[in-house]
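The values are calculated or read from the model by the stated rules, or taken from the named source; none is laboratory data. Being a predicted model, the structure only gives us computed values, none of them experimental. All Cβ positions, even for glycine, are placed from backbone atoms using ideal geometry, and neighbour counts span all protein chains on display. Side chains are part of the model used for accessible areas, which takes the heavy atoms of the whole protein and leaves out ligands, DNA and RNA. Shrake-Rupley method; radii C 1.70, N 1.55, O 1.52, S 1.80 Å.
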Amino acid sequence: MTWDWEFAWRIMPRLLEGLVTTVQATLLGITLAMVLGLVLAMLRRSEVRAISWPTAWVVEFIRSTPLLVQLYFLYFVGPTFGLTMGALTTGVLGLGLHYATYTSEVYRAGIESVPRGQWEASTALNLSPVTTWGRVVLPQAIPVVIPALGNYLIAMFKDVPLLATITVLDVLGEARAVGAQSFRYLEPYTLAGLLFLAVSIPASILVRQLEVRLARRP
Amino acid sequence: MPVDLDVPVHPRMSEVEGSAVRFQQVTKSFGDLVVLDDLDLDVAAGEKLVIVGPSGSGKTTILRVLMTLERPDSGLVQVNGDYLYHEERNGRLHAASQRHIRQVRRRIGMVFQHFNLFPHMTALENVSFAPRKVLGLSRSEGVEKAKDLLSSVGLGDKFDEHPSRLSGGQKQRVAIARALAMEPEVMLFDEVTSALDPELVGEVLGVLRDLAENTSMTMLLVTHEMGFAREIGDRVVMFDEGHVVEAGPPEQIFANPQEQRTRDFLHAVLDRK
């Protein structure tokens, strides 16, 4: 089998469409993971055990099961419990939930990196818990964790093809469809791989730069 | 954690006597280590009380309990006649709500050994932040107040510096201004010169001396600076192993200590110099 440029050119729009879906799922998924992860990290620090323990269990449970199982569960078992969502929505939810358990650990490390004295000064100044979190602790904790969050963004991007199993047509889904229709696999899969590289390498460089810049901050 | 006490509230003696701070039978342990052992301590309004004693004697815990950074295991703490960890309802004492604690805590300020400035804020923001958030000052009021206070501690030219660009002595002066900005009635100073290079101690002590002489604020100072303690203290408390060993005017404690433990301690400290 030789490389057919004309065929490759012809299937490119479909693959790009898939790439848009992939990027979309990643951005929505990471947003969910970043917000939910922070909430989980804060709940887990709660002094009320009725809050912190269940949170810790949920995090452990989700982290210890494969993303694919969670996707299947949400998509195929969800409707049994009246939870019916579109494929992409389900995929984003699955990615977001799964990665939230990782980002929550990242946030936790960031929060723990804030010295105790910062909390004590906040108490001594009688700051409310909301002010202490929002204006003292998180502004110090989050810059530290941005590079780690960036790495999860890239990891998530590479996990999006799993969504093909629940009928989301991402890059890989489109490539597979093209292959199934034309019986040519070389071009679609090669292009799919290249498209992934074309996004993830610049993204890695950006994350790396961000890391350097944050490290240089006073 | 203080529990509900099924005892009648006794008359508010502190109101009668005008105590700013009163500890009654306060006990605090960390595991097997008893750091406050049935502590009774009264501090009069406006008094400058210096607490000295060996390291690890629990003297810092007195301040930390008062600042609600450590909860006492038992006993009562009063600030200007109000219970810090308890609320009175129907003539009985109950464990206080967070809200009540915050309300009473508002009268207390603290300066820490390691400054604990907010590193992501400038000197000006460090000082103006809490008055704006807690006392409800407007931005311009807060800034004006912060500028006044920073100038009064000799940092009129450092408004926009972040703490990382300040020396230890400057940081500690910002921290003092930050605590003062909340207008506390009682100020706690926890070994505020211990983390400083020797040549920077003087500038911080100068600010404290100024406060002691020119304000009616009640001050509790834990320090290892004996000369300074002697100079500004109205009363000195020698504290060891969870107990007040001896308390009295500086002249008595330093020149004519009654207890062997005090003598031993002073010997050890003064010999080191």
Expressed as a rounded percentage, what relative contact order does chain A have, with Cα pairs under 8 Å and six or more residues apart?
31 percent
Residues in region A:178-218 occluded by at least 20 Å² - accessible area, probe radius 1.4 Å, against chain by itself
A:218
Environment charge at residue B:70 (Cβ cut-off 14 Å; Lys +1, Arg +1, Asp -1, Glu -1)
+3
Considering the dipole of region A:5-216 built from charges on the beta carbon (Lys and Arg +1, Asp and Glu -1) around the Cα centre, which of A:87, A:186, A:151 is farthest to its positive end?
A:151
Suppose every Lys and Arg Cβ carries +1 and every Asp and Glu Cβ carries -1, with no other charges. What dipole size does the protein assembly as shown come out with about its Cα centre, to the nearest 20 debye?
1640 debye
Expressed in nanometres to one decimal, the distance between label points 7 Å along Cα→Cβ at residue A:23 and residue A:65 is 3.3 nm
Among B:26, B:50, B:186, whose mean-square fluctuation peaks in a Gaussian network model of chain B (Cα, cutoff 10 Å)?
B:26
Which net charge results for the neighbourhood of residue B:222, defined as the other residues with beta-carbon distances under 9 angstrom from its beta-carbon, given Lys and Arg at +1 and Asp and Glu at -1?
-1
Under the classification rounded if a/c is under 1.5, otherwise prolate if a/b is larger than b/c and oblate if not, where does chain B fall, given a ≥ b ≥ c as square roots of the Cα gyration tensor eigenvalues?
oblate
Using a 10 Å cut-off on Cβ to Cβ distances, tally the other chain neighbours for every residue of A:114-123 and report the average as a whole number.
5
Calculate the radius of gyration of the Cα atoms of the protein assembly as shown to one decimal place, then report Dmax, the largest Cα-Cα distance, as a whole number, both in Å.
30.5, 102
Cross-chain or 8 or more residues apart, Cα under 28 Å: how many lysine pairs in the protein assembly as shown fit that? Count them up, please.
19
Ignoring ligands and nucleic acids, residue B:94 exposes an accessible area, probe 1.4 Å, in Å² to the nearest 10, of 40 Å²
How much of the accessible area of chain A, probe 1.4 Å, is carbon plus sulfur, in whole percent?
69 percent
Only helices counted: for chain B, with every DSSP H run of 4 or more residues adding -39500 (n - 2.57) and the sum spread over all residues, [θ] at 222 nm is -10500 deg cm²/dmol
Tell me, what is the FRET efficiency for residue B:34 and residue B:95 to the nearest 0.05, using R0 = 22 angstrom and their Cβ-Cβ distance as r?
0.50
Quick check: residue separation of residue B:102 and residue B:138 times 0.36 nm, minus the Cα distance between them. What number comes out in nm?
10.8 nm
How would region B:197-273 be classified by its alpha-carbon gyration tensor: rounded, prolate or oblate, with rounded meaning a/c under 1.5 and the a/b versus b/c comparison settling the rest?
oblate
Å³ per residue enclosed by the Cα convex hull of region B:88-149:
129 Å³
Residue-averaged beta-carbon neighbours from other chains (10 angstrom radius) around B:109-120:
5
Please report, in debye to the nearest 20, how large the charge dipole of region A:48-128 is about its Cα centre when each Lys and Arg carries +1 at its beta carbon and each Asp and Glu carries -1 there.
60 debye
Expressed in whole Å with the largest first, what are the equivalent ellipsoid semi-axes of chain A derived from the C-alpha gyration tensor as the square root of 5 times each eigenvalue?
40, 22, 11
If I model a spin label at residue A:48 and residue A:184 as a point 7 Å from the Cα along the Cα→Cβ vector, what separation in nanometres do I get?
6.2 nm
Classify region A:89-203 as rounded, prolate or oblate, taking a ≥ b ≥ c as the square roots of the eigenvalues of its Cα gyration tensor: rounded when a/c is under 1.5, otherwise prolate if a/b is larger than b/c and oblate if not.
prolate
As a test of the definition: with a 1.4 Å probe, what buried accessible area, both sides summed, do you compute for B against A, in Å² to the nearest 100?
1800 Å²
In debye to the nearest 20, the charge dipole size for region B:107-197, taken about the Cα centre with +1 at each Lys and Arg Cβ and -1 at each Asp and Glu Cβ, equals 200 debye
Surrounding charge for residue B:244, neighbours by C-beta under 14 angstrom, Lys/Arg +1, Asp/Glu -1, total -4
Which of A:214, A:34, A:175 sits closest to the plus end of the dipole of region A:5-216, meaning its Cα is farthest towards the positive end, when Lys and Arg get +1 and Asp and Glu get -1 on the C-beta?
A:214
For residue B:167 and residue B:255, FRET efficiency with R0 = 30 Å and r from the beta-carbon atoms, rounded to 0.05?
0.30
For A:53, A:3, A:9, write out the residues from largest to smallest accessible area, computed with a 1.4 angstrom probe and no ligands counted.
A:9, A:53, A:3
Peptide A:135-143 - average C-beta neighbours from other chains (10 Å radius)
2
Under 8 Å for C-alpha pairs, at least 6 residues apart: give me the relative contact order for region A:100-152, rounded to a whole percent.
56 percent
Among GluC sites (Glu not before Pro) in region A:25-108, those in a DSSP loop whose Cβ has at most 10 other Cβ atoms within 10 Å are A:47
Normalised contact order of chain B, rounded percent, pairs of Cα under 8 Å and 6 or more residues apart
24 percent
